[in-house]
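**Student:** Once you've had a glance at the structure underneath, I'll fire off some questions.
What follows is calculated from the coordinates using simple rules that are stated; it is not laboratory data. The structure displayed is predicted, hence computed values, not measured ones. All Cβ positions, glycine included, derive from the backbone under ideal geometry; neighbour counts span all protein chains shown.
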Amino acid sequence: MQEKLFGEFRTATIIVIILVATVLLALLFNWVTKRYIRRSLLLHGRDLTSFQFFRHIVSALIYMVGLAAALTQVPEFKIVGHSLLAGAGVISLVAGLASQQALSNIMSGILIVIFKPFRLNDKITLRGTFTGVVEDINLRQVVIRDAENNRIIIPNSVISSDLIVNSHMSDSRCCKLIEIGISYSSDMERALEIMRQEVIRHPLRVDSRTPEDIQKQAPEVVARVISLGDSSINLRVWAWAANPADAFVMSCDLLQSIKNAFDREGIEIPFPQREVHLKTGLEGTKSQ
């Protein structure tokens, strides 16, 4: 009886030691990769997407091997443990314990890492509604941080089959369209020149011209009349920035600076005006 209890105690102790060692090894691996490998990749300007996904896979393998080693200590689970360690039956075990959706997420995550429709720190828009910066790609989901610092969790199988707008793929520059209407009595040519000059003076503006455009002396900034409205001449200027964040700040600044410049030059931005007729009994019609 004592030998049996001692044997069970020894088995339980070994299992606990294996599990604790597994957790410590996984934590150590994550600490080392985050501290050294990621820093090295950042210093050399390399993509972190594959590294992040590889870190998740290796962590999962460490836990799987540790669990398998613990199972081999229990006679009833020795076969399962050896199967995990040998790699035989892993697919059938996962298929039996996990749902089809989970397997789909894992495969979709692998395909995302291989083909790279987006990478870490890319700004993407999903379904025309969810916009944010890619923070993490793991075995199950993609984590996106939006402008309000919320985290949007999207399963890999969903994001891999949806239409995605990637603002950073191959070219991170962003073009903002600044549209302003002026009255028909205002100087249209002067208004276009003011819009061009305000864009050129902005510190976040980048020159989007190709070497061929520069050789042909194409204008640095293009401003045009885009339509003749009911009460305004509608103007548009194209303003380029290095990235979407700079483009947003630049567009806000330009709206303010162009409005101030229009006020100094006496260029009117029209606003809706209505003439109201009030009929009051026999007094006839009054206009206001």
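**Student:** Hey, what's the Cα Rg ratio for the range 105-187 versus the globular rule of thumb, 2.2 N^0.38 Å? Please report the intermediate quantities before stating the final value.
**Tutor:** On the way: Rg = 17.0 Å, N = 83, 2.2 N^0.38 = 11.8 Å.
Dividing the Cα Rg of the range 105-187 by 2.2 N^0.38 Å gives 1.44.
**Student:** For ALA242, what is the net charge nearby, where nearby means another residue's Cβ is under 13 Å from its Cβ and Lys, Arg count +1, Asp, Glu -1?
**Tutor:** Surrounding charge for ALA242 is +1.
**Student:** With a 10 Å Cβ neighbour count serving as the proxy for reagent exposure, in which order, fewest first, do MET195, MET107, MET64 appear?
**Tutor:** MET107, MET64, MET195
**Student:** Distance check, please: which entries in LYS176/LYS259; LYS123/LYS259; LYS34/LYS116 exceed 27 angstrom between their Cα atoms?
**Tutor:** Where the Cα-Cα span goes over 27 Å, the pairs concerned are LYS123/LYS259.
**Student:** Lys and Arg at +1, Asp and Glu at -1: add these up for the other residues within a Cβ distance under 12 Å of ARG201 and post the number.
**Tutor:** -1
**Student:** At q = 0.20, 0.24 Å⁻¹, what base-10 log of I(q)/I(0) does the Debye formula yield for the range 167-247 when every alpha carbon is treated as an equal point scatterer in vacuo?
**Tutor:** Values returned for q = 0.20, 0.24 Å⁻¹ are -0.93, -1.12.
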